[in-house]
Amino acid sequence: MKLPVDQLIRPDILAMKAYPVAAAEGFIKLDAMENPWRLSQDLLVELGRQLAEAHINRYPDPSGGGLKEMLRVAAGIPGNADILLGNGSDEVITLITQALARPGATVMALEPSFVMYKLNAVFSRVNYVGVPLNHDFTLNLPVLLDAIAKNQPAVLFLAYPNNPTGNRYSRDDVLAVIEASPGLVVIDEAYGPFSDDSLMDLAGSVDNLIVMRTLSKVGLAGIRLGYAAGQPKWIAELDKVRPPYNINVLTQITARFALTHSGVFEEQAAALRRERSHLAEALAAYPGVRVYPSEANFLTIRLPEADLLYAWLKSRRILIKNLGGMHPMLENCLRFTVGSPDENRAVIAALDEYFR
Ligand SMILES: *Cc1c(COP(=O)(O)O)cnc(C)c1O
């Protein structure tokens, strides 16, 4: 007699839905904050040569094969910080949550924000406290400080800039949050390359701070490489939870290659920031559209009957993210990843038609 699935899988998992990823074949894909550009043909040929040398019969170098040293230079990680590599920063979030998941521990995050913070709390069976942002998505510092004092979170995840809203909180507010937190504070800088500020300079010198970044949003979403920097005493513990071969051979080679050509990605990030202002200006000109300030590679807007616009764009083979239904505060909100100039022109043309 075999037990049925629903008597073996945890009830809280049974009640969940899998993370939704929309089919995007044939669409202008502006739903997942990917960089719109592939590498040039020359660079791809060179990368292909390097990948052909890979020893895919061997396990990867568990320490990352020199990647940490390269990331330290590229991301300005201070000398007194150590580095943890993850299979995407999604995995880094998982490792941190698992390592801190003592019985009764609390994970805290702002809302609306990146859903993986809460999901990982559920997976690791710890308490989760979501602290609401203001209705315009700015940080309500007194409310957050109060929640920290009351709940004493083992870890607070704070996206800087925030996803899915795009805004960056003030540095002083975030420093006050770190100061007031008894536990670890993880500053998630997935959008750091598109932002005007970073707390990376403080990694290693502030006791309870970990700064997390990823190569995904700058143009390497396919290779899955994220990393975190913090004091060695933290990184050493987190590293015990990490699967030893989490960064595969092909990712190590591709990331090293990308970091030796980091200028290409920096130029693309600069171009996307320029495109972001053009697109923001265009979006704000339509009646009833509120564009939220963004320091990320996407723009979040609110407008009446957002579902209709979402469906319209979909009918025009443009895929964005409909944020409605993800969180009560995101009702009638849509998120546009900033694309290439051509893609953004197509978006604006479709919007012109919609609002005509
Ligand atoms: C996209 C994103 C991540 C996940 O990045 P990966 O490295 O691709 O796993 C983490 N945090 C935030 C806020 C994000 O938007």
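We did not get these values from a lab; they are worked out from the coordinates using the rules stated. All of these numbers come straight from a predicted model, not from anything done at the bench. Ideal geometry is used to build each Cβ from the backbone, glycine not excepted, and the neighbour counts take in all protein chains shown.
Here the 3J(HN,Hα) profile of the range 322-332, calculated from phi with Karplus coefficients 6.51, -1.76 and 1.60 at θ = phi - 60°, is 8, 7, x, x, 7, 7, x, 6, 9, 4, 6 Hz, Gly and Pro shown as x. Converting phi to 3J(HN,Hα) with the Karplus coefficients 6.51, -1.76 and 1.60 and the offset θ = phi - 60°, the range 35-49 yields 6, x, 9, 7, 6, 5, 4, 4, 5, 5, 5, 5, 4, x, 4 Hz in sequence order, with x at every glycine or proline. Where a ≥ b ≥ c are the square roots of the eigenvalues of the C-alpha gyration tensor, would you call the chain rounded, which needs a/c under 1.5, or, failing that, prolate if a/b is larger than b/c, or oblate? Since a/c stays below 1.5, the shape of the chain is classed as rounded. Amide H contacts under 5 Å for Tyr227: Gly86, Arg213, Thr214, restricted to partners 5 or more places along the chain or on a different chain, H placed in the peptide plane at 1.01 Å from N. Where only DSSP H runs of four or more residues are counted, the chain gives -12000 deg cm²/dmol as its mean residue ellipticity at 222 nm, each run worth -39500 (n - 2.57). Rounded to the nearest 5, the antiparallel percentage of DSSP beta bridges internal to the chain is 50%.
Here the Debye sum runs over all C-alpha atoms of the range 254-356 as equal scatterers in vacuum, and log10 of I(q)/I(0) at q = 0.20 Å⁻¹ comes out as -0.99. What the Cβ-Cβ distance of Asp172 and Thr138 gives, at R0 = 22 Å and to the nearest 0.05, is a FRET efficiency of 0.95. Highest-first packing order for the peptide set 41-54, 199-212, 126-139 is 199-212, 126-139, 41-54, based on the mean count of other beta carbon atoms within 10 Å. Taking label positions 7 Å along the Cα-Cβ direction at both Asn80 and His55, the computed distance is 3.8 nm, reported to one decimal.
Rounded if a/c is under 1.5, else prolate if a/b is larger than b/c, else oblate: which is the range 146-286, with a ≥ b ≥ c the root eigenvalues of its Cα gyration tensor? Oblate, because a/c is 1.5 or more while a/b does not exceed b/c. The string of couplings for the range 91-103 from the Karplus curve (6.51, -1.76, 1.60, θ = phi - 60°) is 5, 4, 4, 4, 4, 5, 5, 4, 5, 9, 7, 5, x Hz, one whole number per residue in order, with x for Gly and Pro.
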